[in-house]
Amino acid sequence: MDFPRALRERRTRRRVSQLDLALRAGTTQRYLSFIESGRSVPGRNMVVRLAESLELPLRERNELLLAAGYAPAYSESSLDDPVLAPVRTAIDHILRGHLPYPALVVDRGGDLVAANTAFDLITEGAADELVGPGTNLYRLALHPDGLAPRILNLAEWARHILVRLGHLEELRAELTGYVPELEPSAGQLGFAVPLRLRSSYGELRLMTTVTTFATAVDVTLAELKLEAFLPADPATAEALSAAAGAMARAAAAQEPGNM
């Protein structure tokens, strides 16, 4: 990768001027101009400062360092690595703590890392190959054998999903092919796009929130997203509580001594 071009592209993409970036990174516009033209070669610390000043994801910061001829600064661990054991514990705690509402964790590509038991109500009826760790959450949402037949506002929800896939061009192209040419419903959408989903407990109206590990210094951890579903009305809250209670009773009945 050509470092001057790579830096210039990332700065331009974020609509940051040379002067603004120079001020953020603690250097001069003249020196930054020399770097982007290839007339000056920045040191490792300067590359890190430029990447931080552009607020690049950790993966892109490593790419920029490699382009400049330096080793990556941020590790990329497997989630099974002992060093991330506290992270796995925290994720499990958060997922269980969100019950009786569904919550899950996905990686950069949208592949499912973990989910709580309430998520089973979301996935009921979906094909087995679309459900479970390692499967793709976005494919599950829009595939005709996934949630799509049960989504009552498919046009709005599909647009909400597809707009999140800018960095996953092949997946976006695949999923676009699953979505019919539907017009969004008329009227005010409100403050958020809800997921309106048919379920065995009636229609669910759900909002979602996305949380990231903002202070992460490991690429894998920085790219994880915790997506939590919240009820958009009292009926949905009651349905989710009822479903969680039924699941808990079923699990208790399977325990030794309760047969």
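A short reminder: the numbers here are calculations on the coordinates, not readings from a lab. In this text, all values refer to a predicted model and were calculated from it rather than measured experimentally. All Cβ positions, glycine included, derive from the backbone under ideal geometry; neighbour counts span all protein chains shown.
Overview of values
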| read-out | value |
| --- | --- |
| Ranked by how many other beta carbons lie within 10 Å on average, peptides 63-73, 98-108, 160-170 from highest | 98-108, 63-73, 160-170 |
| Distant alpha-carbon pairs in segment 72-212 (separation over 18 angstrom), percent | 61 |
| The chain - percent relative contact order, Cα under 8 Å, separation 6 or more | 16 |
| Separation in nanometres of the label points that stand 7 Å from Cα toward Cβ, at residue 24 and residue 85 | 3.8 |
| Spin-label pair residue 217/residue 93, simplified geometry with 7 Å Cα→Cβ offset, distance in nm | 2.1 |
| Calculated FRET efficiency for the pair residue 167/residue 249, C-beta based, R₀ 45 Å, to 0.05 | 0.60 |
| Kirkwood-based Rg to Rh ratio, segment 1-112, C-alpha trace | 1.13 |
| Linear extension gain, residue 160 paired with residue 129, 0.36 nm per residue minus alpha-carbon span | 8.8 nm |
| Rounded FRET efficiency, nearest 0.05, which uses the C-beta distance separating residue 73 from residue 12 and R0 of 25 Å | 0.60 |
| Contact order relative to length of segment 12-132, as percent, for alpha carbon pairs under 8 angstrom and 6 or more apart | 12 |
| Net lengthening on full extension, residue 120/residue 193 (0.36 nm per residue, minus Cα-Cα) | 24.1 nm |
| Order by protection proxy (mean Cβ within 10 Å, highest first), peptides 147-154, 30-37 | 147-154, 30-37 |
| Helix runs (DSSP H) in the chain reaching 27 Å along axis by Cα, Kyte-Doolittle at least -0.5 | 234-253 |
